[in-house]
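S.K.: Before I ask anything, let me first share the structure, which is written out below as structure tokens.
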Amino acid sequence: MERHQNIDAMTRLKPYGTRKRLARRYELPPGLESTYFLGTRFDIGSTEEAVCNILAATHGSFKYVVFPNVQCMVRFLEDPATVQPLYERAWHVFCDSRVLSCLAWFSGRRLPVITGSDLTAHLVARAAEQRLTIAIIGPAAADCAMLANRYPGLNVKVHTPPMGFIRSEHEIQKCFDFVAKAQAPLIFLAVGMPQQEILARHIADRPQVRGVGLCVGASIDFLTGKQRRAPVCLQKVGLEWLHRLLSDPRRLASRYLIECPRIFYLIYSKR
């Protein structure tokens with residue numbers, strides 16, 4: 001009963017800030033609109049608009065981008081005390097799920113999809129063209145070397161923290177020191193949700209760091225070929241989750257068959 005009350009109260013929260021307040025805080029270039037769904041802000045635009053928006057902001061103080069999918073929103077609704085501040089602090093919040101976009105449509109809201117994987121691919125390609133340095137936290141150095149080979153002109157710096165690093169102040173400090181030393185305009189945080197969002201918020205609290213952080217999960221693995229994305233036809237009809245489930249059922253069955261379906265109950269319960 002208490003959980004239901006917390007969810008209902010959360011969905012009635014006032015927005016974290018208007019577009020103008022966010023622009024003042026982060027020196028935000030104009031162009032993207034915002035909407036609210038399930039108690040959090042989502043930014044609306046195209047992938048190309050998001051790419052241009054991010055590249056234009058890389059010289060300012062550190063800010064980060066999150067990509068909620070269905071699993072993320074289940075955690076957001078079930079544990080708002082942990083997840084909500086991470087999304088409120090984010091510079092941009094993009095919908096990463098066509099299923100989530102459909103749920104928003106049934107609720108009367110337009111929620112375009114800008115996936116972390118697509119945005120990562122575009123940004124890495126653009127960074128290679130401009131011979132920029134990118135910093136990656138998460139994948140092994142050998143995997144990131146493959147990324148550099150696939151994108152000539154790209155300078156890749158990598159830090160691979162140990163499992164459970166987010167519970168260690170020492171390891172978090174090492175991540176921060178890596179980002180500060182790398183001085184990369186684009187920082188890809190690929191350590192899974194919510195670890196990458198928690199780390200991003202820690203970094204955002206350090207005023208001396210610059211650049212844009214992107215909480216991208218497995219997106220780097222898709223670029224290196226370590227994992228395969230679903231065919232485009234499955235992506236377009238919202239079945240990318242099924243492809244991932246079938247590709248790694250032992251690891252992902254609980255996520256897609258038990259955790260994610262709870263979104264329907266959570267949406268129904270807040271009405």
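S.K.: For the stretch 235-253, which positions are within 20 Å of THR115 (Cα to Cα), assigned to a helix (DSSP H, G or I) and under 21 Å from the mean Cα position of the chain (by Cα)?
M.R.: Matches in the stretch 235-253: GLN235, LYS236, GLU240, TRP241, LEU242, HIS243, ARG244, LEU245, LEU252.
S.K.: Among (1) within 20 Å of the chain's Cα centre (by Cα); (2) assigned to a helix (DSSP H, G or I), which single condition is ILE258 missing?
M.R.: The single condition ILE258 does not satisfy is (1).
S.K.: Test ARG262 against the stated conditions and say whether it is closer than 24 Å to SER107 by Cβ, touching a helix residue (DSSP H, G or I) at 6+ places or on another chain (Cβ under 7 Å) and not β-branched (Val, Ile, Thr).
M.R.: Yes, satisfied.
S.K.: On the given criteria, is ALA230 in a helix (DSSP H, G or I) and either within 18 Å of the chain's Cα centre (by Cα) or not charged (D, E, K, R) (or both)?
M.R.: Judged against the criteria, ALA230 is not a match.
S.K.: Continuing with the same structure: Residues of the stretch 70-81 being out of contact with any Cys (no Cβ under 7 Å at 6 or more places or on another chain) and either part of a helix (DSSP H, G or I) or buried (at least 22 other Cβ atoms within 10 Å of the Cβ) (or both), which ones?
M.R.: Across the stretch 70-81, the qualifying residues are CYS72, MET73, ARG75, PHE76, LEU77, GLU78, PRO80, ALA81.
S.K.: Follow-up. Please verify whether the stretch 38-47 includes one or more residues that are of a type in the set (A, V, I, L, M), free of Cβ contacts under 8 Å to residues at least 60 places away in the same chain, out of contact with any Lys or Arg (no Cβ under 7 Å at 6 or more places or on another chain) and assigned to a loop (DSSP other than H, G, I, E, B).
M.R.: No, the stretch 38-47 has no match at all.
S.K.: How many residues does the stretch 136-145 hold that are in a helix (DSSP H, G or I) and either surrounded by fewer than 17 Cβ atoms within 10 Å (Cβ to Cβ) or in contact with a His (Cβ under 9 Å, 6 or more places away or on another chain) (or both)?
M.R.: 3
S.K.: Another question, if that's okay. Is it the case that the stretch 127-135 has a residue that's assigned to a helix (DSSP H, G or I), under 14 Å from the mean Cα position of the chain (by Cα) and on the phi < 0 side of the Ramachandran plot?
M.R.: no
S.K.: Sticking with this structure for a sec: Could you look through the stretch 92-115, keep only residues that are more than 11 Å from the chain's Cα centre (by Cα) and outside any helix (DSSP H, G or I), and pick out the one that is modelled with the lowest pLDDT?
M.R.: Filtering the stretch 92-115 for residues that are more than 11 Å from the chain's Cα centre (by Cα) and outside any helix (DSSP H, G or I), the one modelled with the lowest pLDDT comes out as SER107.
S.K.: Name, by its number, the condition in (1) surrounded by 20 or more Cβ atoms within 10 Å (Cβ to Cβ); (2) more than 15 Å from PHE67 (Cβ to Cβ) that does not hold for TRP105.
M.R.: Unmet for TRP105, out of (1) surrounded by 20 or more Cβ atoms within 10 Å (Cβ to Cβ); (2) more than 15 Å from PHE67 (Cβ to Cβ): (1).
S.K.: Quick check: anything in the stretch 220-231 under 22 Å from VAL93 (Cβ atoms) and of a type in the set (A, V, I, L, M)?
M.R.: Yes, the stretch 220-231 contains a residue that is under 22 Å from VAL93 (Cβ atoms) and of a type in the set (A, V, I, L, M).
S.K.: Kindly indicate whether any position in the stretch 48-55 is among the small types (Gly, Ala, Ser), in contact (Cβ under 8 Å) with a residue 24 or more places away in the chain, within 15 Å of CYS215 (Cα to Cα) and touching a Leu at 6+ places or on another chain (Cβ under 7 Å).
M.R.: yes
S.K.: Please verify whether ILE267 is surrounded by 21 or more Cβ atoms within 10 Å (Cβ to Cβ) and either closer than 19 Å to PRO68 by Cβ or within 15 Å of the chain's Cα centre (by Cα) (or both), treating the condition exactly as stated.
M.R.: When the stated conditions are applied, ILE267 does not pass them.
The values are calculated or read from the model by the stated rules, or taken from the named source; none is laboratory data. The model shown is predicted, which means the values in this text are computed figures rather than measured ones. Because the Cβ atoms are built from the backbone with ideal geometry, glycine has one as well, and the counts that use them run over all protein chains shown.
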